[in-house]
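Coordinate-derived values only; no laboratory data. Keep in mind that what you see is a predicted model, and the values were worked out from it rather than measured. With ideal geometry, Cβ positions are generated from the backbone for all residues, glycine too; neighbour counts draw on all protein chains shown.
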Amino acid sequence: MRVIDKEGEKLDLLSVNIGPSHPATHGSLRAICAIDGEKIVAASCEIGYLHRGFEKMVERGTYQQVMPYTDRLNYCSAMLNNIGFCKAVEGMFGIELTERATVIRVIISEMSRFIDHIICVAAALADLGAQTAYFYLFVPREEGMNIWEKLTGARLTNSYARIGGLYRDLYEGFEEDTLRLMTLTEKGLSDVLGLVDRNKIFLDRTQGVAAISQKDAISYGWTGPCLRATGVDRDMRKDEPYYGYETYDFDTVVGSTGDTYDRLMVRIYEVRESISIIRQALKRLKPGPVNVEDPRVSLPQHINAYQDMEALINRFKLVYEGVHVPKGEHYDGIEAANGELGFFIVSDGTGNPWRIKVRPPCLTQFAAFAHLVEGAMIPDAIACLSSINIIAGELDR
Amino acid sequence: MSKFDYTKALVPSTPESREANLTKVFDLLASRLRIVIDPQEHCAKSAIVDRSLLHTAVTILRDTPELGFDLLLDIVGIDYLNYLDHQGPRFAVVYLFKSLKVSGQRFQLKVLVDEEDLVVPTISDLYSIADWAEREVYDQFGVRFEGHPNLKRLLNHFEFVGHPLRKDYPATKRQWLSTNDPMLDQLEARLKHNGFELLDPVPVNTPAVEDVIKGSRQ
Amino acid sequence: MSKAPNIPAVLPSDTNPLSFMSTSIDAVINWGRSNSMWPFPFATACCAIEFMSLMSARYDFARFGTEFMRFTPRQSDLLLVMGTVTYKQAPVLRRIYEQMASPRWVIAAGACASTGGFYDCYCTVPGIDQIIPVDVYIAGCPPRPEAYIEAAMQLQAKIKDESFMTDRLARLRDRGEDLPA
């Protein structure tokens, strides 16, 4: 299509689709671009290729049955989504978790977070051409998945958290496995940093590419590592601490320019902070129950159900009718790997959710994609896309 | 207005400080506009505002220094068809705000709309994310946002008929799509927005889609 | 197709003394095809993450000849559909399948690709076999990498059962021609 640009020059533009089936689109996204040579002059994005109807599906079951659906939102760090949902429901009840459950949720959150960051960095570097980094970083990832398999039974979509606590307690040997995982992660990260830290090609391809200002990032609703990369020092774990995060000693990693380099580096250094939090949390683990003893949310023990009529009825009603969440509307969020993941729950007092809306961090990041890539070249657009860590499951729900 | 320094970390909030913040926000907003405490609320206070005052209310929330709600978290649509003993308008649109200037300050604003007059003014001129968030509410519920630059479906395909998250839309009613949206009109709008002047009219369909249509007519 | 088909000498049959040739040709062709199935990863959702684990060092899918993923259907034989296919995605999947040259095979990886998974709703296609023919289905949500490997081995067994010569004759018959005598 022929156009005249602002300076009055005649250009012949080509309209090209990036996606929905593209090697570098993580998940199915589509950006239709008008390009002048390799430079993108206008872009318009389309999502919804993985819209699976989370919000309609959860209205058909009980609150406990929402858990597997939340797993598949951000499937790289599934347990963070579980914990986010459980936190929102527990907030409606106003119940406090047991101490052991709190510490375990912190450990699992941080582990999911750093594994999500590892996958993002590995995929981003593979998109830039550095395939070796992908293999190096997937070694700790496999180790992490082994641990999750021993802990929850599933490698990827775990459904570990339950309303009022957790699925089950940690297995014996969890601490050694986790320490070994962290050693492997640190080694993998230092190997990868050794490859790219002062690599001219990496620096040229990521520094100054697709930068965003603080004002624009905030206007687009960015949260999480992408916002921190622009220099805004906000982290829900610091500003609105939950699960005892105010007692852990960690720093928020903040960038300066908000370009692709900063977004990737913020993630890499956040892995190190997460590892430090896990080390502190492991020292705090004390024996105790993991599920709160509240008949409104927690299933009574099996042995009690066999002996006591009330426990039997309680178990039956909790499973069959669902957890009766008090009537009302409540929003609660956690600091997930990509930003603030929130759940807005509307309850009518029964065990069947009336409305659950997910506030996906990826949506805000991708909404700004057109703004980020206009003026950049197509390879820069690819580098940018992998640095904002779009997970289609969360974007489209 | 002096530029706020976001690089300085905030003092961590406590549940008490969050409660105090909420009361402060509510009082300040109530002193400027006519709002009502939402009786639906269970865990946090939120305000119901009339849709004609929505834009003013959001401007107050964003621009007043003590409030400083610079982050629009989300826009949620709710359908209250057959909800317990609900009386009044069927739909609600809830705006979730967060302040990055004051630690632990959040707010919810609700607008109630009737099914017959399902229009709400847009706030996409105040927050860039409202563009897509409002498109999603339109897609799933059918709420039209007056003044929105590009009110098209976001998640469902462009041949979808109906609004799936409404309570009277059956969950398993499936709709096939024949061919993907060419999106050339949106690209044209974007080019115009970026200051380009088009010499040829942009075709409605891409050449591949034209082939499909021509082939199916034969 | 009014003429009686003229079965050439090289096809397998009980009375054909030269049928060993076609079975040998078939064996060679199938050996080549089954050991170099170039994949097109049509990755949409969570199953793709298990596929990423599959391609990494521990499970090493490249052993099966599925070495480098060619993200273009024109150079691939194997369409791996991993993840949920929605109605918005369906025309895209159909076009990609049509762009692949035969021989082509399709593996529906995971519950969502096989049957729609637990997303029984307005936007999910209940199984990709509504759109394209599928050779192997993998169960799991997401399937373990070992399940992918099992599926690849089953597909290899299926390929070894194919007969290039019989297929060619069937295609020619469909067109109303015969193999040259």
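Brief remarks follow.
- Charge sum, other residues only, whose C-beta stays under 9 Å from A:Met1's C-beta, Lys/Arg counted +1 and Asp/Glu -1: -2
- Three-way shape call for region B:70-218 based on the alpha-carbon gyration tensor, with the a/c threshold at 1.5: oblate
- Between helix B:207-217 and chain B: long-axis angle, C-alpha atoms, 0 to 90°, nearest 10: 60 degrees
- Helix B:54-63 vs. chain B, principal-axis angle (Cα, 0 to 90°, nearest 10): 60 degrees
- When you work out D = kT/(6 pi eta Rh) for region C:37-160 at 10 °C and 1.306 mPa s, using the Kirkwood radius from C-alpha pairs as Rh and the Stokes-Einstein form, the result is 112 µm²/s.
- Rel. contact order, % - alpha carbon contacts under 8 angstrom, at least six apart, region B:15-171: 19 percent
- Kyte-Doolittle mean at least -0.5, axial Cα span of 20 Å or more - DSSP H helices of chain A: A:78-93, A:99-128, A:131-152, A:174-196, A:260-283
- Cross-link pairs A:Lys357/B:Lys24; A:Lys327/B:Lys167; A:Lys150/A:Lys317; A:Lys317/B:Lys167 - those with Cα-Cα distance over 23 Å: A:Lys357/B:Lys24; A:Lys150/A:Lys317; A:Lys317/B:Lys167
- Inverse of mean 1/r across different Cα pairs in chain A, Kirkwood, Å: 22.2 Å
- Proximal charge balance of A:Asp239 [Cβ under 13 Å; K/R count +1, D/E count -1]: +3
- Taking C:Trp31, A:Trp222 and counting other C-beta atoms within 10 Å, the order from fewest to most: C:Trp31, A:Trp222
- Separation between Cα centres of region B:124-148 and region A:1-61, rounded to whole Å: 19 Å
- Scattering curve values for the protein assembly as shown, log₁₀ I(q)/I(0), Debye with Cα scatterers, q = 0.07, 0.09 Å⁻¹: -0.54, -0.88
- Three-way shape label, region A:252-373, alpha-carbon gyration tensor, a/c 1.5: oblate
- If you take all other residues with their beta carbon under 10 Å from the beta carbon of A:Gly221, and give Lys and Arg +1 and Asp and Glu -1, the sum is -1.
- Chain B: antiparallel DSSP beta bridges as a percent of all, rounded to 5: 80 percent
- Considering only the protein assembly as shown, percent of DSSP beta bridges that pair antiparallel, nearest 5: 75 percent
- Relative contact order of region C:79-172, defined on C-alpha pairs under 8 angstrom at six or more residues apart (%): 27 percent
- Computed over chain A: relative contact order in percent, which uses C-alpha pairs under 8 Å that are six or more apart: 26 percent
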